[in-house]
Structure formats: structure tokens, C-alpha cells
Amino acid sequence: METLWTRTARNKIVPDTALPGQVDVAIIGGGFTGLTAARELAGAGRSVAVLEASHIGAGASGMNAGFVVPNFAKADPIAVRNKLGSERGDILLRLVGDAANAVYRTVEEDGIVCDARQTGWLNPAFGAAGAEMLKARAAMWRDLGRPVTFLSADEVREQTGMDIYSGALLDAEGGTIHPLDYVRGLAISVQSRGGTVHEGQRVDEVQRDNGGWRLIMRSGATMRAGKVLLCTNAFTTGAANKMGRSVVPLRVYQIATTPTDPAIVQRIAPDARPVGDTRQNLFTYRLDRDNRLISGGMAAIPLGAFARLGRSVAERLSTELGLAEPVRPEVVWTGTAAMTPDFLPRIYQMGDGYFGGIGCNGRGVAMTAQLGRVLARAAIGEAPESLPIPLRTLRPLPFHSFTPIVASAALLQARLKDRFSK
Ligand SMILES: Cc1cc2nc3c(=O)[nH]c(=O)nc-3n(C[C@H](O)[C@H](O)[C@H](O)COP(=O)(O)OP(=O)(O)OC[C@H]3O[C@@H](n4cnc5c(N)ncnc54)[C@H](O)[C@@H]3O)c2cc1C
């Protein structure tokens, strides 16, 4: 699918062709999670092969909007502590809190060209209750030692040109990247550390084999591995099937406009900060390196959604940002995000030395930089109790095929809530 990122990417990868017969760790899925894990493991001296069914960036890692946001979309620090207890909860919060830094550190260490800008992430609030909620949230993050502040309504107006907000949370460590250049850059990093990256290798089965594992590809090829990491996100094809059914797949549409006038840029993003507000049907925008506006949305009714969403997201941008000339989409694309019922990421143990990681809930650009590392630690043999994400047993969601209908209903309900919440 053509996206803004396929049009503007600068990194190119040359996939490896010869499959190794045996590796220490086989990694299924060539997105941020799998490639981050592979980069870590190759750096730690393990032989690794990344097996990607399609091409690098074919999944959400190549389709997303490139917001780098170090928190959980719908789980406040307090909710995380309530769920996991304060000790384990704080470990997970520290992990996600350092996730944006982990991305930008990797980019810097490996010199990845991907328009990386750590300008801070702006999270504007609606109404007095929204402002109070974000004030409390900002204080909770500060208690954890993070640079998160609360901005007044006037300060948000200066940052966005919008006067509908009652305040905003500013996370100084958030920012933006070019996701396709980042994921391709990670693949190049894996190769430069001695790992191999294979495209067009869909893994259909993972079987126990003589104390290790045998991977059987759709191409007919096989590979032996001591350990296996499943990093296939919302996909349900082949070996991904069972883990993919443990999440709610959410189809998200993205648009990029033609480049924006510099005077408008100065008004709506003087510090080039990406914006995502607190509405249920959230409003987001950021700029790419050529000042195209990037925004997104979801469709309650899938029929004809591609063309309809392209138009409606552009209209919303023009209205919300008060643009005299309506913007038009230069390119529209779509991808599938993986949502867990509690909005927290999961690590599954699927067998002895076989682990899966999933569920970054629309925050995966930052969170996968940690999820991939935690999976690498599991593959190296670290004790489960010392991993910052608790290991679970995989249980697919009952009625998984009906979850898109539930998601559509939730979206309609969210729009109604927004209408009556101001
Ligand atoms: C439209 C959209 C916008 C988003 N915007 C943002 C954002 O701005 N900020 C943010 O933080 N997050 C965002 N997200 C979420 C983020 O992109 C994801 O959380 C993240 O990319 C997940 O990375 P991953 O490596 O786990 O999965 P993926 O990138 O989906 O990679 C999984 C890979 O596994 C491969 N695969 C599947 N089955 C098999 C098999 N059997 N054998 C071999 N390979 C297989 C697939 O081809 C795919 O390449 C967005 C998601 C979408 C869809």
C-alpha cells in the first residue's frame, strides 16, 4: 500500500536471501518489536534470523503516524498500580516512561536517518474536568521522575493556535519519527551486528524439535532455533494465529496533506510538537519534514471507509485548526493496531524458550523499543520474575472475529460522549 512513508523514505534495505539452517534465536515478524529484539540479541553475540512474511514495515510499524509517546494510551499510572500492585506497577511505568528515550538513543547510537525529533508531546484537555485529570496525571509522572508538566489554556493556545482547550499535559521526552525509515534502519542495524533479515518468509508452524524448535515456512523452507520470539502484532496468519486472536484489531486510517504554509506552521506548531487531545474520538496532528499535516481517524462503518475517512479527517483538520483554505489529503492509508482489554502490553510464554510479545495499544512506536528488549532478555534466559512485563499464558479472546463490531459500537458511543462532555 502506498503511504506518505513509502513516498518519502530514504533508507533502503537489502534482505538476506540464504536462510541459515540453525540459529540461536529465530524471530517471527519484521516490525519494530521483532527488529528491536533481534538488534539486542545480535549485539549480545547470539545468532539471529528475522523471518518476515511480507516486507519490512508491512505491518503497523510501516503504517503508523510516527508519534513517539512514552505512556499507555488509556491506562493512567494509578490504574497500572491498581492492576499490578505498586511495585510491579512502578517497574512497568518506568519502562514505558523511558520508552521514547530508548527510541531516540537507538537512533543516535546507530545513526538511523528517520527524521527523529524529540520536541515533546502535547496532550490538550477538554473542559475543566479534563484539565484537572491531566494536572493529576502530570503530577503522577513527575513523582516517577519524568519531565511532564501541565500547561495553561493560554499556553496551549500559543502551541496549537486553538482556543478550545482548557490546558495540556506536555511530555518533554515525546516527539516524532519517520516510521518506515526507522523500521528499515533497525533492520540495517540487525544486519550490521551479524543477524540476518529475510522477507517473504511466512512462518506457518513452530514445532518442538530435539530440545529446540523447528520453524516451517510457507515457502517449504525450515529452520532450527534454540529459542523463538513471536512478534507478529495483530496478524493472525500462520504461526501468528493464536497470539493475534488475543487482541482487538483496530483499523486506523491516516492522511497526509500537501505541505502547509510556513505562517500556519508557526501558528499551529511553533515548536514542532505532535498533538493528541483527550477526546474519546481523539484529534491528532503532527507535521512531517516537509510540513505536511498528518492526522488520522477510525470508521464506525467499514463500507467505503477509505475514501470517506480521507475526506472527513481532512475536513476535521481544516475546521479544528481554523484553516482559511481547506486542506486536502495527498495520500490516505490504513493499518491495524492491536489493543488489549486492559490497554497494557503482554508477554506470553508459549513453550520452553518460545515467547510472544504484543499489545502496544497505539503507543507502539515508543513501547516496542522496550517490548523488543524485554523479549530479548527472556530469550537470553532471564528469570521470568525479574522481567519488567509479567509473563502470561496465552488465551485468545472469545468471539475474536466479532471484536471489530464491538470496536465500531465503542467508537459511536465515544463520539456521543464527546458531543455531550464539553
Ligand atoms: C494506522 C496506525 C497508526 C498508528 N500510529 C501510532 C503512532 O503514531 N504512535 C505509536 O506509538 N503507535 C502507533 N501505532 C501502533 C504501532 O504502529 C504498533 O504498536 C507497532 O508498530 C507494532 O509493532 P510490531 O513490530 O509489534 O508489529 P508490526 O509492525 O505489525 O509487525 C508484525 C510483522 O509480523 C509479520 N508477520 C505476521 N505474521 C507472520 C508470520 N506468520 N510469519 C512471519 N511474519 C509474520 C507482519 O507481516 C508484520 O510485518 C499505529 C498503528 C496503526 C495501525
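A compact table of results
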{"quantity": "Segment 209-227, subset within 11 Å of the ligand (Cβ to nearest atom) and in contact with a Leu (Cβ under 8 Å, 6 or more places away or on another chain), residue nearest to N291 (Cα to Cα)", "calculated": "M217"}
{"quantity": "Failed item, numbered, when E109 is tested on (1) crowded, with 18+ Cβ neighbours inside 10 Å; (2) under 21 Å from G66 (Cα atoms)", "calculated": "(1)"}
{"quantity": "Filter result (surrounded by 18 or more Cβ atoms within 10 Å (Cβ to Cβ) and either under 19 Å from the mean Cα position of the chain (by Cα) or hydroxyl-bearing (S, T, Y) (or both)) within segment 183-202", "calculated": "V183, R184, G185, L186, A187, S189, T196"}
{"quantity": "Residues of segment 44-57 that turn out to be near the ligand (Cβ under 8 Å from one of its atoms), closer than 19 Å to Y182 by Cβ and touching a strand residue (DSSP E or B) at 6+ places or on another chain (Cβ under 8 Å), as a count", "calculated": "2"}
{"quantity": "Single match in G66, G62 (criterion: touching a Leu at 6+ places or on another chain (Cβ under 6 Å), crowded, with 18+ Cβ neighbours inside 10 Å and of a type outside the set (D, E, K, R))", "calculated": "G62"}
{"quantity": "First in segment 139-158 and without any contact (Cβ under 8 Å) to a residue 12 or more places away in the chain, second anywhere and of a type in the set (A, V, I, L, M, F, W, C) and surrounded by 13 or more Cβ atoms within 10 Å (Cβ to Cβ), Cβ under 9 Å, 6 or more apart", "calculated": "A139/V148; A139/F150; R142/V148"}
{"quantity": "Residue among A60, A73 that is closer than 24 Å to K12 by Cα, within 13 Å of the ligand (Cβ to nearest atom) and touching a Gly at 6+ places or on another chain (Cβ under 9 Å)", "calculated": "A60"}
{"quantity": "Test: residue in segment 94-102 that is under 17 Å from Q370 (Cα atoms) and assigned to a loop (DSSP other than H, G, I, E, B)", "calculated": "yes"}
{"quantity": "Candidates Y182, Y253, filtered to the one that is within 19 Å of A37 (Cα to Cα) and within 13 Å of the ligand (Cβ to nearest atom)", "calculated": "Y182"}
{"quantity": "Qualifying position, being assigned by TED's automatic domain parsing to the domain that holds D352, within 16 Å of the ligand (Cβ to nearest atom) and either within 18 Å of the chain's Cα centre (by Cα) or closer than 26 Å to L169 by Cβ (or both), among R286, R267, R279", "calculated": "R286"}
{"quantity": "Conditions (1) in contact with a Lys or Arg (Cβ under 6 Å, 6 or more places away or on another chain); (2) within 11 Å of the ligand (Cβ to nearest atom); number of the one not met by A100", "calculated": "(1)"}
{"quantity": "Odd one out for N233 among (1) free of Cβ contacts under 8 Å to residues at least 60 places away in the same chain; (2) under 20 Å from the mean Cα position of the chain (by Cα)", "calculated": "(1)"}
{"quantity": "Scope segment 203-228; condition among the basic types (K, R) and surrounded by fewer than 18 Cβ atoms within 10 Å (Cβ to Cβ); matching residues", "calculated": "R208, R214, R218, R224"}
{"quantity": "Residue check for A187: in contact with a helix residue (DSSP H, G or I) (Cβ under 6 Å, 6 or more places away or on another chain), within 29 Å of L41 (Cβ to Cβ) and not polar (S, T, N, Q)", "calculated": "yes"}
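Every residue, every condition in (1) assigned to a helix (DSSP H, G or I); (2) away from the ligand (no atom under 13 Å from the Cβ), yes or no:
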residue	(1), (2)
G357	no, no
C360	no, no
M367	yes, no
Q370	yes, no
R377	yes, yes
P388	no, yes
R392	no, yes
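The values are calculated or read from the model by the stated rules, or taken from the named source; none is laboratory data. As the structure is a computational prediction, the values presented were derived from the model and not from experiment. So basically every Cβ, Gly included, is an ideal-geometry build from the backbone, and we count neighbours across all protein chains shown.
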